[in-house]
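One structure is given below, encoded as C-alpha cells.
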Amino acid sequence: MFEEDKDKINLVNFLEKSGYIKSENVKKAFLKISRENFIPTKLKKQAYLDSPLEIGNGQTISAPHMIAIMCELLELKKGQKVLEIGTGSGYHASIVSNIIGDLGNIYSVERIDNLAKTAERNIKKEGIKNISIKVGDGSEGLDEFKPYDRIYVTCASPDIPQALIDQLKDPGMILIPVGRTFCKLKKLEKKSNTIKIENICECAFVPLIGKYGH
C-alpha cells in the first residue's frame, strides 16, 4: 500500500469518528478520490491533512471536513443534476461526482480561466466524465442547464443570489456560505413553492466575486 493510501484511510477514519462523514456513499467517495491529484506538487505531503490548502490565484481547496459536511447536508442521490459555484481545483466536484454516479451530472462555474483548465486536468486524472466546467460569473449561476436538484457554493456570498434560487428545482436544496471570509453556512430548501432557510454552522471561505457577489 502506498503512503498516500494510508494517509487517505487515516483521514477518512478521522472524519468518520469525528462525525463529519455519516453515510457510506460519502465515505466511499472520499476513499476513491485522491486529494493529492488536486493540489500543487509542493503541497503533496499535506494532501491528507484536514485543512484548506493554497491552490494559486488567491484560492484554496477546502478542508476535507467542510467538504464532508456539505456532501452529507446535500443528501445527494444517484442521477441528480448538480450546480457547483467555484470549481477551484476540482476536488469537491469529484467527490460529488462519485456520489451521484455516472447517470448524474455536475456543472461547475469558475471565474478564473487558468484554474478551470487546471481543474479539468485534475479531474481527468481521476477518469471522471460527468463534470462540465464553465468559465464565468458564478454569482449568476448557470441558466443554460437549469433546473438543478442541488446547488452548492464554495465561496462566501453577501447573500443567497436570487439567480440561484430561480435555477433550483422544486423540491431542491442550496448550500451556501453567507458573509465575507468568516461566514455562516446556510441551507435553503425549496419545496411546494415555499422557501425555508436554516443556519448550519460557522465557516471560512474566500469571497464570491461577481454581479451578485462581493
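The values are calculated or read from the model by the stated rules, or taken from the named source; none is laboratory data. Note that the structure is a prediction, hence the values are computed from the model and not measured. For neighbour counting, all protein chains shown are included, and Cβ atoms are generated from backbone atoms with ideal geometry for every residue, glycine included.
Observations
- Of all residues in the stretch 21-38 being surrounded by fewer than 21 Cβ atoms within 10 Å (Cβ to Cβ) and touching a residue at least 24 places away in the same chain (Cβ under 8 Å), the one that is nearest to Thr87 (Cα to Cα): Asn37
- Residue list for the stretch 83-102, filter: in contact (Cβ under 8 Å) with a residue 40 or more places away in the chain and either in a loop (DSSP other than H, G, I, E, B) or over 19 Å from Lys125 (Cα atoms) (or both): Leu83, Glu84, Ile85, Gly86, Thr87, Gly88, Ser89, Gly90
- Those strands (runs of 3 or more DSSP E) of the stretch 103-214 in which 3 or more residues are closer than 20 Å to Lys81 by Cβ and more than 16 Å from the chain's Cα centre (by Cα) occupy 168-180, 182-191.
- Top-ranked residue in the stretch 114-145 [being among the charged types (D, E, K, R) and closer than 17 Å to Ile39 by Cα; ranked as surrounded by the most Cβ atoms within 10 Å (Cβ to Cβ)]: Glu126
- Hits in the stretch 21-52 - residues which are touching a Pro at 6+ places or on another chain (Cβ under 9 Å) and either more than 27 Å from Met173 (Cα to Cα) or among the small types (Gly, Ala, Ser) (or both): Tyr48, Leu49, Ser51
- Flag if Lys77 is at pLDDT 95 or above and either within 16 Å of the chain's Cα centre (by Cα) or part of a loop (DSSP other than H, G, I, E, B) (or both): yes
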